[in-house]
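K.L.:
What follows is a structure written as structure tokens; I'll ask about it next.
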Amino acid sequence: MNKTVGLFIPCYIDQFYPKVAIATLQLLEKQGLTVVYPTNQTCCGQPMANSGFEHLTGGCNELFVENFADFDYIVCPSGSCTLHIKEHLHSREEQEAKDIRKRVYELTEFLTDIVKIERLEASFPHRVGMHQSCHGQRGLHLSQMTELVAPPFSKPGKLLSMVKGLEVVELDRSDECCGFGGTFCVAEEAVSVKMGKDRVTDHLKHGAEFITGVDMSCLMHLEGILRRQKSAVQIKHIAEILNPVG
Amino acid sequence: MKELAHAALSARFNEDEPRVDWHDETLWWVRQKRDKMARSIPEWEELREGASQVKEHVLSHLSEYLEMFEEEAIKNGVRVHWAADAAEHNAIVAGILKGHGIDRMVKSKSMLTEECHLNDYLKEQGVDVVDSDLGERIVQLAGEPPSHIVLPCIHWKKEEIGELFHKHLGTPKGNADPQLLTHAARLSLRKEFLTRKVAITGVNFAVAETGEFVVCTNEGNADMGAHLADVHIACMGIEKLIPERVHLGIFLRLLTRSATGQPITTYSSHFRRPRKGQEMHIVLVDNGRSTQLGKADFRSSLKCIRCAACMNTCPVYRRSGGHSYHTAIAGPIGSILAPNLDMEKFADLPFASTLCGSCSNVCPVKIDIHVQLYKWRQVIVQKGYVGAAKKIGIETMNYTLSHPWFYRMAGKAGRWVMRVMPFAVSNKLNPWYRQREMPRAAKTSFTDWYKANKQAAGDNKR
């Protein structure tokens, strides 16, 4: 595939979880893609917009368009940030923004739908709980939603099934929100934490050794709860499982 | 501060964690029943689409259907009243009662009368109202508003109901047997049904072509009230219309499957004309609905058929309880309806959500509830109903994220602080840290790694 991919890394991954970004970069490069990370990027603007301040996000939007207008594809290891760009990116150069909205992909949907990946050189001999992040699932339709009467599918699930030794654990509530919700996690701290604790309990109950997902923000919230509980269960972004970095 | 009302009320609800678990599991069980029922109908998603389109059509022709309905209802011998707001609605009902010299009446469940605070108003007028729906009766005896639009006392445990009934209905102390309690309620309500001359019911669907209306109950209490009373007053929001009887075939199949996971309500009572000697009134209430209809982003909220599926599925509602929404209609749908009535008072509600989108997926009339929650947030902020601290916080964050050099510097400084002085952020002033550990601060950001390992290696200069 002779295409150039612009790597779009969410700000909190850049700052707190560089390993996830490295895994994403290497995973894409292994597919024979030219991947470029525009180093002047910051944030998609979602934290402000979801708090009701979308009218302030002009600066982030223009920056995003400047950084990403020239790529064939824009790929991001986050369903939530991808969805925000898809739904809310505008610009003084509106046509460019419109084109970007069509060319931006979440990592697992890009690997499944565009790269059409069929096999992976990865091994992860562990019991793994898959956390369905809402924006990826209900927003980008990365997998089927339990509310709908429709046939099941899962793009991240399909990728995980290619990993040697990995066993996905069944959950009682396969797609309930973890309660992160952006600024909700501090504005509604009590409910946010309770939702997170309940998600964690579901994974623990079914013997997960790791919790994975497509959104590091949800996983960061769950990690905070796991570590407070002094649990041995760890979180891993799906890119880190599909492309293990030492 | 108003914007924190839901957060504060739900924090209080969460002080009793086992109770939160019980509340969550009870409603999740209802959600699962709904899923099972929905899956028993292969054409479920088509039904939802059909219902949505019928309601969209009605909203686009609302004035015509209202006039048609009024004309047919009058032909049927029904007296039709129009109320612009809650106050007018309450005055109309009080006027009918006064006209008959009546100071006691029985009411079957109606969320509209809750929305209009009819009970309080009538009490002030010296009218004694008995709610005849069991759940509604329980919260009435307890002096509380309903916490859920279909299951008004879902926040009450049966042992607590036993205590309440012991106090008010004289059931044996310590007895929480549901059958015994239901029987006691039935005996006491029967007396009310037989002696009250006026009955109020809500309306689930009003059929424009025939002027009839349908009331759905599981206990038959609407029928009991209406059939025994000399005067039947039916109160409805103007959005309750459907064009033709045939459309009931869509809505009656969807309503209870979505609400409680039953194939249909036990009673779907059709009222068309008063029986001989009876008086029948319909009060058509606007109360903000035409304002909402005029808002392109929010008009489709009027498609709502009050099934409460969005509440049962909402992970926030299940863990914060209906009263934390401090409005008659709680949960996701209430959070997009209430700001239309009073934006300042209900400025907190659109923020009481993670925008997970489950509500929109279960909605039988396909209201894009989570999208409207997002849009209400924008409106509320622009109108200035948001606290100064939050505004400054978001503006600072926005400045940082709009300026790459400042973002890099702040990121580096922040991570340094977290590594060297973790107590600066890991303290009780930080709501993240209260019940969660902070993420571990990486030494280098990905950007720095990339510059050092990729760009320096000459892979990509950009």
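K.L.:
Please go through region B:188-234 and give me each residue that is assigned to a strand (DSSP E or B), farther than 15 Å from B:Ile102 by Cα and touching a His at 6+ places or on another chain (Cβ under 6 Å), ordered by number.
P.N.:
Correct list: B:Glu212, B:Val214.
K.L.:
When the residues of region B:100-122 are narrowed to those that are assigned to a helix (DSSP H, G or I) and farther than 28 Å from B:Lys158 by Cα, which ends up nearest to the chain's Cα centre (by Cα)?
P.N.:
So, considering only residues that are assigned to a helix (DSSP H, G or I) and farther than 28 Å from B:Lys158 by Cα, the one nearest to the chain's Cα centre (by Cα) is B:Tyr121.
K.L.:
Run down A:Lys155, A:Lys102 and say which single residue is closer than 27 Å to B:Glu49 by Cβ and assigned by TED's automatic domain parsing to the domain that holds A:Ala21. Even if it seems obvious, please write down each step before you answer.
P.N.:
Numbers: A:Lys155 fails: assigned by TED's automatic domain parsing to the domain that holds A:Ala21.
Step by step, each of A:Lys155, A:Lys102 is checked, and only A:Lys102 is closer than 27 Å to B:Glu49 by Cβ and assigned by TED's automatic domain parsing to the domain that holds A:Ala21.
K.L.:
Take A:Ala208 and decide whether it is of a type in the set (A, V, I, L, M) and either surrounded by fewer than 23 Cβ atoms within 10 Å (Cβ to Cβ) or within 10 Å of chain B (Cβ to nearest Cβ) (or both).
P.N.:
No; evaluated as a whole, the condition is false for this residue.
K.L.:
Does B:Ile264 fit the bill of being β-branched (Val, Ile, Thr), over 19 Å from the mean Cα position of the chain (by Cα), assigned by TED's automatic domain parsing to the domain that holds B:Gly202 and more than 19 Å from B:Val78 (Cβ to Cβ)?
P.N.:
yes
K.L.:
Given the condition at the interface with chain B (Cβ under 7 Å from one of its Cβ atoms) and either under 20 Å from the mean Cα position of the chain (by Cα) or under 17 Å from B:Pro315 (Cα atoms) (or both), answer yes or no: does some residue in region A:149-172 qualify?
P.N.:
no
K.L.:
Okay, next question. In this structure, is B:Ala452 part of a loop (DSSP other than H, G, I, E, B), farther than 23 Å from A:Leu226 by Cβ and either more than 9 Å from chain A (Cβ to nearest Cβ) or not polar (S, T, N, Q) (or both)? Lay out the reasoning, then the answer.
P.N.:
Values: part of a loop (DSSP other than H, G, I, E, B): no; farther than 23 Å from A:Leu226 by Cβ: yes; either more than 9 Å from chain A (Cβ to nearest Cβ) or not polar (S, T, N, Q) (or both): yes.
Here the answer is no, as B:Ala452 does not meet what is asked.
K.L.:
For region B:380-394, which residues satisfy the criterion of being under 29 Å from B:Thr447 (Cα atoms) and at the interface with another protein chain (Cβ under 7 Å from one of its Cβ atoms)?
P.N.:
B:Ile394
K.L.:
Consider B:Asp297 against the criteria (1) touching a residue at least 24 places away in the same chain (Cβ under 8 Å); (2) in the same structural domain as B:Phe193 (by TED's automatic domain parsing): it satisfies all of them except one. Which criterion is unmet?
P.N.:
(2)
K.L.:
Separate question: Please state which one of B:Ala424, B:Ala441, B:Ala388, B:Ala452 is aliphatic (A, V, I, L, M) and modelled with pLDDT of 90 or more.
P.N.:
Residue meeting the stated conditions: B:Ala452.
K.L.:
Counting just the residues of region B:351-379 that are at the interface with chain A (Cβ under 8 Å from one of its Cβ atoms) and under 17 Å from B:Ala5 (Cβ atoms), which one comes out surrounded by the most Cβ atoms within 10 Å (Cβ to Cβ)?
P.N.:
B:Ser353
K.L.:
Show the residue pairs that are 6+ apart or on different chains and have beta-carbon atoms under 9 Å apart, the first residue being within region B:72-92 and under 18 Å from B:Ala226 (Cα atoms), the second being of a type in the set (Lys, Arg) and at pLDDT 95 or above.
P.N.:
The qualifying pairs are B:Ala73/B:Arg79; B:Ala73/B:Arg272; B:Ala73/B:Arg273; B:Asn76/B:Arg272; B:Asn76/B:Arg273; B:Gly77/B:Arg273; B:Val78/B:Arg272; B:Val78/B:Arg273.
K.L.:
Of the conditions (1) at the interface with another protein chain (Cβ under 8 Å from one of its Cβ atoms); (2) out of contact with any strand residue (DSSP E or B) (no Cβ under 7 Å at 6 or more places or on another chain), A:Ser217 fails just one. Which one is it?
P.N.:
For A:Ser217, the exception is condition (1).
K.L.:
Among the residues of region A:59-81, write down those that are surrounded by fewer than 21 Cβ atoms within 10 Å (Cβ to Cβ) and either acidic (Asp, Glu) or at the interface with chain B (Cβ under 8 Å from one of its Cβ atoms) (or both).
P.N.:
Hits for region A:59-81 are A:Gly59, A:Glu62, A:Glu66, A:Asp70, A:Asp72.
K.L.:
Another one. So, A:Glu109, is that one more than 14 Å from chain B (Cβ to nearest Cβ), acidic (Asp, Glu) and assigned to a loop (DSSP other than H, G, I, E, B) or not?
P.N.:
Working: more than 14 Å from chain B (Cβ to nearest Cβ): yes; acidic (Asp, Glu): yes; assigned to a loop (DSSP other than H, G, I, E, B): no.
So A:Glu109 does not fit the description; no.
K.L.:
All but one of (1) within 11 Å of chain A (Cβ to nearest Cβ); (2) in a helix (DSSP H, G or I) hold for B:Glu64, so report the exception by its number.
P.N.:
The number of the failed condition is (1).
K.L.:
So, B:Ser132, is that one hydroxyl-bearing (Ser, Thr, Tyr), at negative phi, crowded, with 24+ Cβ neighbours inside 10 Å and touching a residue at least 24 places away in the same chain (Cβ under 8 Å) or not?
P.N.:
The answer is yes for B:Ser132.
K.L.:
Might you let me know whether region A:174-189 holds any residue that is over 18 Å from B:Leu355 (Cα atoms) and crowded, with 19+ Cβ neighbours inside 10 Å?
P.N.:
No, the conditions are met nowhere in region A:174-189.
K.L.:
Could you tell me whether region B:6-21 includes any residue that is closer than 30 Å to B:Arg190 by Cβ and β-branched (Val, Ile, Thr)?
P.N.:
Just the residues of region B:6-21 that are closer than 30 Å to B:Arg190 by Cβ, to begin with: none.
Within region B:6-21, none of the residues are closer than 30 Å to B:Arg190 by Cβ and β-branched (Val, Ile, Thr).
K.L.:
Does any residue of region A:39-47 turn out to be surrounded by fewer than 24 Cβ atoms within 10 Å (Cβ to Cβ), more than 9 Å from every other protein chain (Cβ to nearest Cβ) and not hydroxyl-bearing (Ser, Thr, Tyr)?
P.N.:
Within region A:39-47 (the criterion being surrounded by fewer than 24 Cβ atoms within 10 Å (Cβ to Cβ), more than 9 Å from every other protein chain (Cβ to nearest Cβ) and not hydroxyl-bearing (Ser, Thr, Tyr)), the answer is no, since none of the residues qualifies.
Quick grid of which residues meet (1) modelled with pLDDT under 95; (2) in a helix (DSSP H, G or I):
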| position | (1), (2) |
| --- | --- |
| B:Thr327 | no, no |
| B:Pro332 | no, yes |
| B:Ala338 | no, yes |
| B:Lys345 | no, no |
| B:Cys356 | no, no |
| B:Ile367 | no, no |
| B:His370 | no, yes |
| B:Trp376 | no, yes |
| B:Gln435 | yes, no |
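K.L.:
Additional query: Give me the residue from region B:401-429 that is within 8 Å of chain A (Cβ to nearest Cβ) and under 23 Å from A:Phe180 (Cα atoms) and, out of that set, surrounded by the fewest Cβ atoms within 10 Å (Cβ to Cβ).
P.N.:
B:Gly414
K.L.:
Continuing with the same structure: Assuming B:Gly249 fulfils every condition listed in (1) in a helix (DSSP H, G or I); (2) small (Gly, Ala, Ser); (3) in contact (Cβ under 8 Å) with a residue 24 or more places away in the chain; (4) assigned by TED's automatic domain parsing to the domain that holds B:Leu66 apart from one, which condition is it?
P.N.:
With respect to (1) in a helix (DSSP H, G or I); (2) small (Gly, Ala, Ser); (3) in contact (Cβ under 8 Å) with a residue 24 or more places away in the chain; (4) assigned by TED's automatic domain parsing to the domain that holds B:Leu66, B:Gly249 is out only on (3).
K.L.:
When you look at A:Gly79, is it touching a strand residue (DSSP E or B) at 6+ places or on another chain (Cβ under 6 Å) and within 20 Å of A:Cys218 (Cα to Cα), yes or no?
P.N.:
When the stated conditions are applied, A:Gly79 passes them.
K.L.:
Continuing with the same structure: Check region B:362-369 and report whether any residue there is closer than 30 Å to B:Gln32 by Cβ and either more than 17 Å from the chain's Cα centre (by Cα) or among the acidic types (Asp, Glu) (or both).
P.N.:
For region B:362-369, residues closer than 30 Å to B:Gln32 by Cβ and either more than 17 Å from the chain's Cα centre (by Cα) or among the acidic types (Asp, Glu) (or both): present.
K.L.:
Let me ask something else. For residues that are of a type in the set (Phe, Trp, Tyr) and farther than 30 Å from B:Leu337 by Cα, scanning just region B:371-406, find the one that is nearest to the chain's Cα centre (by Cα). Before you say what the answer is, go through the steps one by one.
P.N.:
Step one: list which residues in region B:371-406 are of a type in the set (Phe, Trp, Tyr), which gives B:374, B:376, B:385, B:399, B:405-406.
Then drop every residue that is not farther than 30 Å from B:Leu337 by Cα, which leaves B:399, B:405-406.
Values: B:Tyr399: 37, B:Trp405: 46, B:Phe406: 44 Å.
Here the residue is B:Tyr399.
K.L.:
Sticking with this one: Tell me which residues, restricted to region B:25-34, are crowded, with 20+ Cβ neighbours inside 10 Å and facing another protein chain (nearest Cβ under 10 Å).
P.N.:
B:Arg31, B:Arg34
K.L.:
Output the number of residues of region B:380-392 satisfying the condition of being in contact (Cβ under 8 Å) with a residue 12 or more places away in the chain, surrounded by fewer than 19 Cβ atoms within 10 Å (Cβ to Cβ) and either out of contact with any helix residue (DSSP H, G or I) (no Cβ under 6 Å at 6 or more places or on another chain) or within 10 Å of A:Ser51 (Cα to Cα) (or both). Steps first, please.
P.N.:
Residues of region B:380-392 in contact (Cβ under 8 Å) with a residue 12 or more places away in the chain: B:380, B:383, B:385-387, B:390.
If we keep only those that are surrounded by fewer than 19 Cβ atoms within 10 Å (Cβ to Cβ) too, we end up with B:383, B:385, B:387.
Right, trim to either out of contact with any helix residue (DSSP H, G or I) (no Cβ under 6 Å at 6 or more places or on another chain) or within 10 Å of A:Ser51 (Cα to Cα) (or both) and you get B:383, B:385.
The qualifying residues number 2.
The values are calculated or read from the model by the stated rules, or taken from the named source; none is laboratory data. Since this is a predicted model, take the numbers as computed values, not measurements. FYI the Cβ positions are ideal-geometry reconstructions off the backbone, even for glycines, and counts take in every protein chain you see.
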